[in-house]
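The values are calculated or read from the model by the stated rules, or taken from the named source; none is laboratory data. Owing to the predicted nature of the structure, the values given are computational and were not obtained by experimental measurement. In this analysis, Cβ positions are derived from the backbone assuming ideal geometry, glycine residues included, and neighbour counts consider all displayed protein chains.
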Amino acid sequence: MNTVAEQQTWLDICALNDIPPNTGVCAQFNGQQVAIFHLSSSKLGNVSLVKAVSNLDPFSDANVLSRGLISENDDIYYVASPLLKQLFNLDTGLCATDENVSIATYHVRVSDGLVQLRRS
Amino acid sequence: MSKQKIVVVGNGMVGHHFIDQLAKDFSDDYQIVTFAEESRLAYDRVMLTSYYTGNSADDLALTTPDAYDAQGIEYHINEKITSLDRHNKTVTSASGKTITYDKLVLATGSFPFVPPVPGKDQPNIHVYRTLEDLDQIADSAKTSKIGVVIGGGLLGLEAANALKQLGLETHVVEFAPRLMAVQLDDGGGALLRSKISELGVTVHTEKNTKEIVAGETCRYRMNFADGSFLETDTIVFSAGIRPQDHLARTGDLTLGERGGISIDDHCLTNDHDIYAIGECALWDNKIFGLIAPGYAMAKAAVSHLTERRAFKGKEVDFKGADMSTKLKLLGVEVASIGDAHGNTPDAQVYSFIDSSAGIYKKIVVSSDSKFLLGAVLVGDSSDYGQWLQLVLNKIELSQAPECLLLPEMDGEASAGGGIDALPPSAQICSCLDVSKQDICDAVDGGAQDIATLKSCTGAGTGCGGCVPLLTQVLNAQLCQLGVSVDNSLCRHFSHSRQELFDIIRVKEIRNFDALLSECGTGDGCEICKPAAANMFASLWNDHVLATELVGLQDTNDNFHANMQKDGTYSIVPRIPGGEITPDHLILIGEIAKEYNLYTKITGGQRIDLFGAQLHELPIIWKKMVDAGLETGHAYGKSLRTVKSCVGTNWCRFGVQDSTSMAILIEKRYRGVRSPHKVKMAVSGCARECAEAQSKDFGIIATDKGWNLYVAGNGGMRPRHADLFASDIDDATLLRYIDIIFMFYVRTADRLQRTSVWMENLEGGLDYLKDVVINDKLKINDQLLDQMQHLIDTYQCEWKTTINDPQRLKRFNHFINSKQLDDNVIFTDVRGQISPANKVSNAVEIAHAVN
């Protein structure tokens, strides 16, 4: 199904294996920094899920979110900033502890063992 | 209106308490002046004996000149007031200083009574009241083998303990037929005597000292009225106290027939501008020689002086005081409550003796068997708190009185009826006068653990005897509030950390998925994941970046470095004991220079290198490891540093090799993961240059070995460490630290430092000693094995990581590019780098178009 159009739409970032389960990495993408997380647990049926948000912690103005811990509450997954522990929803980018704050989210998928981000 | 001038004569515990209570809220209204006859301001006389076991004069001090200066209190030390002129309202000191007063407070205390025995005024014959007395006794001990205390009362036995601490063969000579005649009955006195004799103190009762003459084998010989004699080198008189009322006599105040300044319920003397408080005061013809009544008098005087503005307008009068006491004499628990001698008409007496365990208990109950009137406890005073409440609050017994004496069977509550039976007015902490109501109010106000309760109500901070009772009140009140005492770790685990630790240990759980399916729900969060990783490490000690563990680690553990505010990291190599070779020092400097790192010396005698980016960490550590440096675990909840001084190696004062001991200890416990960080220090002599008493484990050299202190803390809630054991040898020292450290790892809450952990242990320091020294819980072998496992499986995490290409992949800022984070920007401050990215106040809201 990898049509030429699709290849133009989705950019390869890294192998899924490069992201140890339940950790994140930071990707360079269109001049932006994107934090990509690899979720995998028995609760998720041991299926790998990937989520992508901006890497910039808006509270500290530091590019660190990929190095935060993944946190689950009521089936929603968050990343906790490694600096001051604010939680960001990995699907919506909304900050759980300050409703006025949110961060960018990105479309991300795994295809043939490769993690890909969608251009626009 | 100008300030009223209050002159407080005497700066003992009670005089100081008065000043403290008055100055707290009313320093603007009163000018306070105090005179101390001794060379220092108020200190804790109750703890006097601890002066020989590690507490310095500064430790015992209740205040400092700086504190008084800050409160605007004028003080004169070494200045005895010798005369009082009520007509002109002045007092005059021995040095001729005369000062006027508006109100005078006499807190002159008492002096030791020395019976008129011929020969009493010779060298090496002492009394036991002030720090100067203790210094002199210690001096005498240097040239003595045998010491005698005259007087077998409470203070006499304290003094005997002191002589024993000083290494003397110790005797107690008592005029009455039993020890502690005021507090104990014959049965209790006999048991106390046998217990004390076992400890090597010889007790002589019914001995009336006739004279002290030159000895044959010792310095002195004491001849007794019955013809017998005792040879000794040092003598300490402890034959009771007398109120120090000389000054009141010069002012012609009303005194009791046998001395003491007569006062009313407001602690006013017959001159209504003069109060008298503490041991110099006589209320209802009684002198009160305990600290709690003294404090109560101070409060009553403050209340009256301020026209009831103090203490939230509560009427605080002195209405006498309960003279019940509980203490530990020469290691033996002794308590006496209320009518201990059964003097109440028709009172009934029950007693219980367990001679194998060395326990004696006696209760005195009313003729109708409904009320407890008094009690005596020797060998085990754990019933004291509960029974005292039954007496003070006249609570009707819920079962037959004998049930009080019998050990609890089948978990049934004893006849006391539990904490709920106590009225709100029940005094829980007698030292600081804190009632059950005060405690319940504080719990309602959010103080929901012992440590917080102590700091906000003061309860349990005096003698500490009420802490078990305090804990019961806390738990009962939490129940009332519907706060089931919730120790759940987080929303994913309803267990406490301690329970989870046991589950992981017993079921040998090694990964998070298994732990969740055993006892959790959901998928974990930023609280339970690192806590679980920490417990796995404390038990199994696998590498923190093992595949199953890496997703649980906080970023610091995850990248073996401390993340700073701009996302860069700081690096701390281990420098055991603070000892470092010039070559290592140069290497660290060269690395810092090459990678342009900000360098700073830490408080723990190490070097911190700031500003390293992710990709630089493995390169830097390769150089460090190759040169023989190891990770310092500054990023872990684990042992940080063991600070030391140079000890006997270099210092002319040192008595032990503190540096070698610090290095030994640091290498022994490096990498051990614990509920929170752990700091230690070793000082080579009592000068304490390594500041060991502010550490979780503090070790101070003595000429016989080491003193071990535990549960100290600097930081946000400073706490002086408590002396755990004295003069122990190297092996015992390591054994005790092994056990305490592992017991802490096993039982503390998440992120709980040793100081709070120990304060929250029911029974506190004594309980911890019982666990560690006497193996009360029979788990010491297990704890020692567990620690040995951690020591045997230690690895330098960095050394392992730099040799694992798969793990190193994560040490790049981008997974898909070699570029660096362009938001890491530095500026120059004093010749070094400093982060320059701004922390945005108005948070930027960026939402990408999906």
message = Against the condition in contact with a Ser or Thr (Cβ under 7 Å, 6 or more places away or on another chain), away from chain A (no Cβ under 14 Å), without any contact (Cβ under 8 Å) to a residue 60 or more places away in the chain and surrounded by fewer than 23 Cβ atoms within 10 Å (Cβ to Cβ), how does B:Ser494 come out, does it pass?
response = yes
Listed by range, strands (runs of 3 or more DSSP E) wholly within the range B:196-236 having at least 3 residues that are farther than 13 Å from B:Val149 by Cα are B:209-214, B:220-224
Checking B:Ser39, B:Ser27, B:Ser2, B:Ser83 in turn, the sole residue that is among the small types (Gly, Ala, Ser), closer than 28 Å to B:Gly156 by Cβ and surrounded by fewer than 17 Cβ atoms within 10 Å (Cβ to Cβ) turns out to be B:Ser39
All conditions in (1) surrounded by fewer than 18 Cβ atoms within 10 Å (Cβ to Cβ); (2) touching a residue at least 12 places away in the same chain (Cβ under 8 Å) are true of B:Ala592 except (1)
Across the range B:519-543, the tally of residues that are of a type outside the set (Ser, Thr, Tyr) and within 12 Å of another protein chain (Cβ to nearest Cβ) stands at 13
Within the range B:45-68, the count of residues that are part of a loop (DSSP other than H, G, I, E, B) and modelled with pLDDT of 90 or more comes to 3
Across the range B:557-567, the tally of residues that are outside any loop (DSSP other than H, G, I, E, B) and surrounded by 21 or more Cβ atoms within 10 Å (Cβ to Cβ) stands at 3
The condition of being farther than 20 Å from B:Phe111 by Cβ, assigned to a helix (DSSP H, G or I) and modelled with pLDDT of 95 or more holds, among B:Ala296, B:Ala301, only for B:Ala301
Of (1) away from chain A (no Cβ under 14 Å); (2) under 30 Å from B:Lys593 (Cα atoms); (3) modelled with pLDDT under 95, B:Lys799 satisfies every one except (3)
Result of the Cβ filter at 7 Å on the range B:297-313, keeping first residues that are under 12 Å from B:Leu268 (Cβ atoms) and partners that are of a type in the set (Val, Ile, Thr) and not in a helix (DSSP H, G or I), at least 6 apart or interchain, is B:Met297/B:Ile277; B:Ala300/B:Val316; B:Ala301/B:Val105; B:Ala301/B:Ile277; B:Ser303/B:Val316
The number of residues in the range B:51-78 that are touching a residue at least 60 places away in the same chain (Cβ under 8 Å), surrounded by 15 or more Cβ atoms within 10 Å (Cβ to Cβ) and not aromatic (Phe, Trp, Tyr) is 4
**OP:** Could you check, for the range B:789-801, whether at least one of its residues is part of a loop (DSSP other than H, G, I, E, B) and under 25 Å from B:Leu723 (Cα atoms)?
**Re:** no
Of those in the range B:145-173 that are in contact with a Lys or Arg (Cβ under 7 Å, 6 or more places away or on another chain) and under 17 Å from B:Val127 (Cβ atoms), the residue surrounded by the most Cβ atoms within 10 Å (Cβ to Cβ) is B:Thr170
Of (1) touching a strand residue (DSSP E or B) at 6+ places or on another chain (Cβ under 8 Å); (2) closer than 30 Å to B:Asn270 by Cα; (3) touching a residue at least 24 places away in the same chain (Cβ under 8 Å), B:Thr92 satisfies every one except (3)
Do we have any residue at all in the range B:765-773 that's modelled with pLDDT of 90 or more, more than 14 Å from every other protein chain (Cβ to nearest Cβ), under 44 Å from the mean Cα position of the chain (by Cα) and in a loop (DSSP other than H, G, I, E, B)? no
For the range B:1-16, pairs from a residue that is free of Cβ contacts under 8 Å to residues at least 40 places away in the same chain to a residue that is part of a strand (DSSP E or B), with Cβ under 8 Å and 6 or more apart or across chains, are B:Lys3/B:Tyr30; B:Lys3/B:Gln31
> Taking the condition outside the structural domain of B:Ala162 (by TED's automatic domain parsing), within 29 Å of B:Ser194 (Cα to Cα), in contact with an Asp or Glu (Cβ under 9 Å, 6 or more places away or on another chain) and part of a loop (DSSP other than H, G, I, E, B), does B:Gly320 pass?
Replying inline: no
So, first residue within 9 Å of chain A (Cβ to nearest Cβ) and without any contact (Cβ under 8 Å) to a residue 60 or more places away in the chain in the range B:811-831, second residue surrounded by 18 or more Cβ atoms within 10 Å (Cβ to Cβ) and in a loop (DSSP other than H, G, I, E, B), Cβ within less than 9 Å, six or more apart or across chains; the pairs are B:Phe814/B:Asp821; B:Ile815/A:Ile19; B:Gln819/B:His813
